[in-house]
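Written below as C-alpha cells is the structure these notes are about.
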2 protein chains.
Amino acid sequence: MTKLKNDTLIRALLRQPTAYTPVWLMRQAGRYLPEYNQTRARAGSFLALCKNPDLATEVTLQPLARYPLDAAIVFSDILTIPDAMGLGLHFLEGEGPRFERPLREEWEIRNLQVPDPAEHLSYVLDTVRQARRALDGAVPLIGFSGSPFTLACYMIEGGGSSDFRAVKTLLYRRPELLHHILDVNCRAVTAYLNAQIEAGAQAVMLFDTWGGILGTAEFHEFSLRYLQRVVNGLTRERRGERIPNILFTKGGGGWLEEIAASGCDALGLDWTVDIGLARQRVGGRVALQGNLDPAVLLAGPDAIRAGVRSVLSAYGKGDGHVFNLGHGISQYTPPENVSVLVETVRDSSPAYH
Amino acid sequence: MTKLKNDTLIRALLRQPTAYTPVWLMRQAGRYLPEYNQTRARAGSFLALCKNPDLATEVTLQPLARYPLDAAIVFSDILTIPDAMGLGLHFLEGEGPRFERPLREEWEIRNLQVPDPAEHLSYVLDTVRQARRALDGAVPLIGFSGSPFTLACYMIEGGGSSDFRAVKTLLYRRPELLHHILDVNCRAVTAYLNAQIEAGAQAVMLFDTWGGILGTAEFHEFSLRYLQRVVNGLTRERRGERIPNILFTKGGGGWLEEIAASGCDALGLDWTVDIGLARQRVGGRVALQGNLDPAVLLAGPDAIRAGVRSVLSAYGKGDGHVFNLGHGISQYTPPENVSVLVETVRDSSPAYH
C-alpha cells in the first residue's frame, strides 16, 4: 500500500511535532451531506449501506471531496459486533439501533461467542481495504468499534435507553453475568480492531458512548477495565508503522486521569470538558482529540470561528491535539458550515505549533 | 407554625453536628408507590394532581407514612413557572413534559412576564401551607423549582430533547435573546422560591437538570450566572430560622468548585461523582447531598446495603452530608427496597458522626 502523503493525524496522535492541528469530525460521512443521502437511498437503508463495501467506500470518501480533512474514518456502525453475534441489528427510521434478539436469558449470555472477523465481519474489512486503495495514501484511514461496555448496553437493553434499567439491574443483581458478556465483547473488540488494522486501518478508535452512565466505581469495574484489556491487546505497529489508538468515553470527564493511564495513545473529549484543563490533567501522557460542541455548527460563521478558536486557544501551544467535535456531527448541520470549521482550524492552528 | 421535632436535615445542610446522616429521596412521592398511583388516578392526571392542593398534600405525606425519612418535599413539578407564564404545560402518557406554546418567535420572548406567585402559582403555595400544617413539625418541608436555564430548555424545545438543538441554536445565534429569557426566569424563580419560603418551605432546592449539556464556558455564562443570582436573591432566614438552599446540576461534576462558590448552602451530586472526592474539592464550603445510583434500588437487599454503605464511607466521618439518590427514584423501584435503603442509612450512618 502507498505511503501516507499527509500523516499529520498520526503524528498528532503520537504527540510528535506537526505544522498545524489536524482535523476530522466524528460522523463526518453522514446525513448532513446530500451526496451521502443519495448513496444511502441507493443502498436501501443505513445497514445495507454499511454492509455494501462499494457504497460504504464511496461514502467514506465523500467528506474528503468537500473538505481538506486530515483523516477518513471507515463508514460502519459501532454495533457490527453484536450483529455478527447473531442479535439481529436493525434501524427504525428516525430512531436509534435496535436488536431483534437482545440478551434476556442466562443461557443466551452463556452461549455468546466471539465472532471471527474474517467470517462474520468481512464486509467491514473489505470496506477498509477498498477505502485504503481509494485513498491512495492521501490521509490515514481510521477504524473503530464500540467499547465492550457500550456494546453490552445495547445487547442487554435491545436499543438505546433513557435509564439503562436492564443493564444496571444486571450489573447490580448478577455482576458475574455482565462480566461474562464484557469478557466476550472484549475479546471480540480486540480481534475486530486488529483485523481492521491488518486490513489497513492506520489508527483505531474505541467509542465508549455509555461509560458515562456509571458511577465511578462501576465505571472502573465494568468499562475501564475492559478498555484497558482491549488497548493491551491491540496491534501497535504494522509494517513498521505505529497504529495509534483513541479512547472516547462520553461523559467521562471525571475520569480522564484513569482513562489516560490505560496505555492508550489519545483521549477523545466531549464538549463539556475544558480541553485546557484536560491537558493539564493528562496532557503529558496522551494526545487529546476534540472537542467543539457539535451544536456550534448550527450557528453562523462568526460563532463557528469563535468556537474553533476558543478550543485551539484552550488547548494552547504545542503538539498532541487533534481537532474534532465533542460528539458526532448533527444531521441538521449546513454543509457549508463544516467548511468554515475546517478552514478556521487550518488558518488559526499553525500559530500554536 | 409548630417548631421542628426533627431538624436533622436542616442541621446537615448547614454543616452543623447531627447524630446520624439524614435521608430523603428525590421524587420520593412518585409512581413506585401504589398509594400515589391511586391518588393520581383520583386526580385524573399528574398535572391535575399538582394543581389540587388537597391531593398534592396527600401524596407529599405518603412516603413519610411508609419510611422514617428526614424530610418531605412539596409535591409539584419543576415546570410550574413556564406554565404560569402561559406556555401550556401538559404531559403525554409515558412521555415527559410538553409545552403547547413553546417560544418560537422573538416577540414571544420579548413578551415574557415574571408571573406573580400569589396569583398564578397559588396552588403550589396552598400545598406548601397545607403540607406544613399536616406535617405538624415532624420533619422539614422542602420547596423547589427548576433552574433558569433548565426552564429555558423546556420553554424553547417545547419538551425534552436528545440534542437540545433549538436552545443551543439560540445560544450560539442569538445569545442576547437567551439571556433575556434567563433574566426573566431568574426573577421568576427567585420570587417563586421566596413565596414558597414565605408559605412555609423550610429549605429550597434548585434543579438544574440540563446545565450539564453545556460546555464549560457556556455553563458559566448561561446557567451558573443565573443560579448565583437566584441564590443571592433568596430569603435566607425566616422567623429566626435559617432556610438552607441546595443547588443540583445534573452532569455538573466538572464544575463543583464553581457551583459551590455561588454562595449556596449545599450541592446535590449525581451518581457519577465520587462523593469523597467531591468533599475534598468543596466540602469545607458547602454540604453535599447524594448520591446513590437510583438503579441500585432495582437490585436486591444486599446490593442496596452495599451501595448505601459505600456512599456513606466515601463521604466519610463528619457532618454536612444529606443522603439521597443521584437522580429521582425510578418508577420501577419495589417499595420494600426503599425501606432497606432508609434502614441502612439509619443503622450505618451514626458511626460517621
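From the set of residues in the stretch A:331-351 that are within 23 Å of A:Val282 (Cα to Cα) and of a type outside the set (A, V, I, L, M), which is surrounded by the most Cβ atoms within 10 Å (Cβ to Cβ)?
Once the filter is applied, the top-ranked residue is A:Ser349.
Return the total of residues in the stretch B:1-25 being assigned to a loop (DSSP other than H, G, I, E, B) and buried (at least 21 other Cβ atoms within 10 Å of the Cβ).
Just the residues of the stretch B:1-25 that are assigned to a loop (DSSP other than H, G, I, E, B), to begin with: B:1-7, B:14-22, B:24-25.
Okay, now just the ones that are also buried (at least 21 other Cβ atoms within 10 Å of the Cβ), so B:18, B:21-22, B:24-25.
Residues meeting the conditions: 5.
Could you say which residue among B:Arg229, B:Arg309, B:Arg281, B:Arg236 is touching a helix residue (DSSP H, G or I) at 6+ places or on another chain (Cβ under 6 Å), away from chain A (no Cβ under 14 Å) and surrounded by fewer than 24 Cβ atoms within 10 Å (Cβ to Cβ)?
One residue alone meets the criteria, B:Arg229.
Quick check on my filter: what residues within the stretch B:171-206 are small (Gly, Ala, Ser) and surrounded by 24 or more Cβ atoms within 10 Å (Cβ to Cβ)?
The answer is B:Ala188, B:Ala201, B:Ala203.
Determine, yes or no, whether A:Asp319 is over 27 Å from A:Glu218 (Cβ atoms), more than 10 Å from chain B (Cβ to nearest Cβ), in contact (Cβ under 8 Å) with a residue 24 or more places away in the chain and among the acidic types (Asp, Glu).
Criteria met by A:Asp319.
Output the qualifying pairs, or none if there are none: Cβ atoms under 8 angstrom, residues six or more apart or on different chains, first residue in the stretch B:153-182 and within 13 Å of another protein chain (Cβ to nearest Cβ) and under 19 Å from A:Pro334 (Cα atoms), second residue of a type in the set (S, T, N, Q) and not in a helix (DSSP H, G or I).
B:Asp163/A:Ser330; B:Arg165/A:Ser330; B:Val167/B:Ser161
Return yes or no: is B:Leu224 among the aliphatic types (A, V, I, L, M), over 28 Å from B:Thr57 (Cα atoms) and surrounded by fewer than 24 Cβ atoms within 10 Å (Cβ to Cβ)?
So B:Leu224 fails the test.
Just checking, which of A:Asp116, A:Asp83 is charged (D, E, K, R), surrounded by fewer than 19 Cβ atoms within 10 Å (Cβ to Cβ) and either in contact with a Cys (Cβ under 6 Å, 6 or more places away or on another chain) or within 21 Å of A:Ala195 (Cα to Cα) (or both)?
A:Asp116
Would you call B:Ala29 crowded, with 17+ Cβ neighbours inside 10 Å, of a type in the set (A, V, I, L, M, F, W, C) and in a loop (DSSP other than H, G, I, E, B)? Write out each step before concluding.
Working: crowded, with 17+ Cβ neighbours inside 10 Å: yes; of a type in the set (A, V, I, L, M, F, W, C): yes; in a loop (DSSP other than H, G, I, E, B): yes.
Taking the combined requirement at face value, the residue satisfies it.
For the stretch A:214-231, give me each residue that is more than 18 Å from the chain's Cα centre (by Cα) and either among the charged types (D, E, K, R) or in a helix (DSSP H, G or I) (or both).
Of everything in the stretch A:214-231, those that are more than 18 Å from the chain's Cα centre (by Cα) and either among the charged types (D, E, K, R) or in a helix (DSSP H, G or I) (or both) turn out to be A:Thr216, A:Ala217, A:Glu218, A:Phe219, A:His220, A:Glu221, A:Phe222, A:Arg225.
Listed residues A:Gly328, A:Gly300, A:Gly263, A:Gly251; which is at the interface with another protein chain (Cβ under 9 Å from one of its Cβ atoms), surrounded by fewer than 22 Cβ atoms within 10 Å (Cβ to Cβ), of a type in the set (Gly, Ala, Ser) and under 18 Å from the mean Cα position of the chain (by Cα)?
A:Gly251 is the lone residue from the list that is at the interface with another protein chain (Cβ under 9 Å from one of its Cβ atoms), surrounded by fewer than 22 Cβ atoms within 10 Å (Cβ to Cβ), of a type in the set (Gly, Ala, Ser) and under 18 Å from the mean Cα position of the chain (by Cα).
Here, each number is a calculation from the coordinates, and none is a lab measurement. These figures come from a predicted structure and were not determined experimentally. Virtual Cβ from ideal backbone geometry, glycine too; neighbours counted across all protein chains shown.
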